[in-house]
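The values are calculated or read from the model by the stated rules, or taken from the named source; none is laboratory data. Here the structure is a predicted model, which means the values were calculated and not measured. With ideal geometry, Cβ positions are generated from the backbone for all residues, glycine too; neighbour counts draw on all protein chains shown.
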Amino acid sequence: MQLKRGFKTSEVKAKAIEDFRNHVSRGKVEFFRKYGMEFVMGARDGCYLEDLDGGKRLFNLHCNGGVFNLGHRNQELIQVLAEAFKQYDIGNSHLISKGRADLASLLAELMPADLDYVIFGVSGGEAVDVALKIARGYTRRHKIISAKGGYHGHTGLAVAAGDEKYRAPFALSIPGFVQVPFGSVEALEAEMDEDTAAVILETIPATLGIVLPPEGYLKNVRRLCTERGALLIIDEVQTGFGRTGKLWGFEHFDILPDIVVLGKGLSGGIYPITATVIRTPLESLFHDDPFIHVSTFGGAEVGCLVAKRVLEICSTPSFLDHVNELADAFKEGILKLKEKHPNFLVGLRQLGLMMGLELRDNLSGPVLSKTAYDHDLLMVYANNDPSVCQLLPPLIMNLKDVDNVMGRLDKAIGSAKRLRPLLKIKRQVEDFVEKFKGTKRQGSRRDESK
C-alpha cells in the first residue's frame with residue numbers, strides 16, 4: 001500500500017477502525033476494542049497475517065473455516081487468476097461456459113458414484129439454499145431435518161436449518177424446519193415422516209464444537225433416508241478439500257450422499273465460489289425449465305480456473321499424506337499439552353486437521369481465544385459450544401512449524417489459566433449487580449403501586 005510521505009501507518013489504522021465502526025459494524029469494533037484485539041488485517045502470506053501497522057503477526061489457526069486451507073495469497077493460485085483474466089471475466093450465467101464445464105467435470109470425477117451435476121454459487125449459504133430447494137422440488141415434500149447446534153449459513157433457507165439464535169434477531173420464522181440432536185439415530189427416526197424431504201448434516205459440525213459422528217451414525221442416517229424416501233445432504237463446506245486427511249470428509253464414513261455442499265476452500269482464498277453437487281436423477285428437476293435457478297456471479301469463469309487448480313492440488317496423494325503427517329504431529333503435541341495442563345485442556349477432537357480443543361468450561365474457550373491472540377495465534381472458540389476452541393491450521397504449513405505453534409499454544413494456555421479465575425469473578429460480580437438492580441426495580445414498582 002502506498003502511503004503519503006509523513007502520514008504514519010498508525011493513523012491509517014486508526015482511520016480504518018473508525019470508518020469500519022461508522023460505516024460497516026459498530027458492534028464488531030466495540031467488541032474487539034473491549035478485549036484489546038483491535039487487529040486490522042494488513043499484509044498476509046502463507047500461514048501468517050499481519051496487523052495493518054505491522055505491529056503484530058498472527059499464525060492463522062482459524063483459516064476462516066477452511067477458506068485459507070492453501071494459505072494466504074497462494075502464489076500459484078494468484079498466477080492462475082492472473083492468467084485467467086487474460087481471456088476471461090465473470091461470464092454470463094445464462095450461457096454455456098467451458099470454464100464451468102471443466103470445473104464441474106473435475107468435481108464429478110472426484111466424487112463417488114453418480115454425483116455428476118454441479119450448481120455453482122458464491123457463498124456457502126447460497127449453496128445450501130440450492131440444496132434445500134432441490135430437495136423440496138424433487139421430492140415434493142416439505143420437512144427439512146437438521147442438527148441442533150449445527151450451522152449451514154446465514155441466508156434464507158440455510159439460516160432456517162440452524163439454531164434459533166441466528167433467526168430471532170431478524171424475526172424469521174420459516175415453517176418446515178426441525179432440529180434433532182447430532183448423533184442420535186433414535187431422535188432422527190422419530191422425527192422422520194412421509195413429509196420429510198431431506199436430512200442435512202455437516203460431516204463434522206464445526207460450530208457445535210468439532211463433534212465427531214458416533215460410530216455408525218452417518219450410515220444409519222443414510223439408511224433411514226433411503227427407507228423413508230428422503231434425500232441426504234452432506235455439508236462439506238469445512239470438512240472438504242483434504243481437511244480431514246481424505247479429499248471429502250464423508251469418505252471416512254462409507255456413505256453416499258444425494259447432495260454435497262462445497263464452499264470456503266474451493267475459493268483458494270482468492271476468488272469466491274461454491275458448489276452444490278447432486279446425483280444425476282436430481283438434475284431432472286431442471287429439464288422443463290433450465291433457467292429456473294440462476295446465480296449471476298455463481299461459477300464466475302475466472303473463479304472456475306482457480307477452483308479447478310485448488311481441486312488438482314488437494315486431490316493429490318502427496319498433499320493428503322502431508323495433511324495426515326501434520327495431524328499426527330499436532331496430536332502428539334496437544335496430548336503433551338494436555339498432560340501439562342490437565343485442569344484446563346481436557347481433550348482433543350480430531351479427524352485429520354479438523355481439530356477442536358476440549359476445555360474445562362464455557363468460559364475457557366473465549367479466554368483461550370484472547371490469550372492465543374496475545375501470543376500471536378489466531379484461534380476462535382466454537383460459537384455453539386464455547387468450551388471448545390477450534391484448531392484449523394493451513395493444510396500447507398510446514399511440519400517444522402508445529403513445534404513453534406505448540407510452544408505458543410503452551411504459553412497461551414498458561415495465560416488463560418491465570419486469566420480465567422479473574423474473569424469468572426468479574427462475571428459473578430456483574431451477575432450480582434444485575435440481579436440487585438432487578439430487585440431494586442421490582443421494589444420501586446411495588447412502592448409506586450401502594
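Quick one: count up the residues across the stretch 204-219 that are among the charged types (D, E, K, R) and within 11 Å of the chain's Cα centre (by Cα). Residues flagged as among the charged types (D, E, K, R) and within 11 Å of the chain's Cα centre (by Cα) within the stretch 204-219 amount to 0. Contact annotation: residue pairs with Cβ atoms under 7 Å, 6 or more positions apart or on different chains, pairing a residue in the stretch 80-103 that is surrounded by 15 or more Cβ atoms within 10 Å (Cβ to Cβ) with a partner that is among the small types (Gly, Ala, Ser) and assigned to a helix (DSSP H, G or I), are Tyr88/Gly99; Gly91/Gly99; Leu103/Ala307.
One line per residue, one yes/no per condition, for (1) acidic (Asp, Glu); (2) on the phi > 0 side of the Ramachandran plot:
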residue	(1), (2)
Ala275	no, no
Thr280	no, no
Ser284	no, no
Asp289	yes, no
Ile292	no, no
Ser295	no, no
Gly299	no, yes
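Of all residues in the stretch 164-203 being in a loop (DSSP other than H, G, I, E, B), closer than 27 Å to Gly365 by Cα and at pLDDT 95 or above, which is nearest to the chain's Cα centre (by Cα)? Here the residue is Thr203. Restricting Asn362, Asn343 to those that are in contact with a helix residue (DSSP H, G or I) (Cβ under 9 Å, 6 or more places away or on another chain), closer than 30 Å to Lys426 by Cα and not aromatic (Phe, Trp, Tyr) reduces the list to Asn343. Only one of the numbered conditions (1) within 23 Å of Arg279 (Cα to Cα); (2) surrounded by 15 or more Cβ atoms within 10 Å (Cβ to Cβ) is not met by Gly183, and that is (1).
For (1) under 22 Å from Ala190 (Cβ atoms); (2) among the basic types (Lys, Arg); (3) in contact with a helix residue (DSSP H, G or I) (Cβ under 8 Å, 6 or more places away or on another chain), each residue gets a yes or a no:
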| residue | (1), (2), (3) |
| --- | --- |
| Thr226 | yes, no, no |
| Gly242 | no, no, yes |
| Ala275 | no, no, yes |
| Asp288 | no, no, no |
| Val294 | no, no, no |
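Is it the case, given these coordinates, that Val261 is in contact (Cβ under 8 Å) with a residue 60 or more places away in the chain, within 21 Å of Asp114 (Cα to Cα) and under 21 Å from the mean Cα position of the chain (by Cα)? Considered against the rule, which asks whether it is in contact (Cβ under 8 Å) with a residue 60 or more places away in the chain, within 21 Å of Asp114 (Cα to Cα) and under 21 Å from the mean Cα position of the chain (by Cα), Val261 comes out as yes. One residue alone among Leu247, Leu218, Leu232, Leu208 is part of a helix (DSSP H, G or I), buried (at least 17 other Cβ atoms within 10 Å of the Cβ) and of a type outside the set (Val, Ile, Thr), and that residue is Leu218. Scanning the stretch 149-171 for residues that are of a type in the set (Gly, Ala, Ser), in contact (Cβ under 8 Å) with a residue 12 or more places away in the chain and surrounded by fewer than 19 Cβ atoms within 10 Å (Cβ to Cβ) gives a single hit, Gly156. Residue-level analysis places Phe319 among those that are under 28 Å from Leu266 (Cα atoms) and either buried (at least 16 other Cβ atoms within 10 Å of the Cβ) or acidic (Asp, Glu) (or both).
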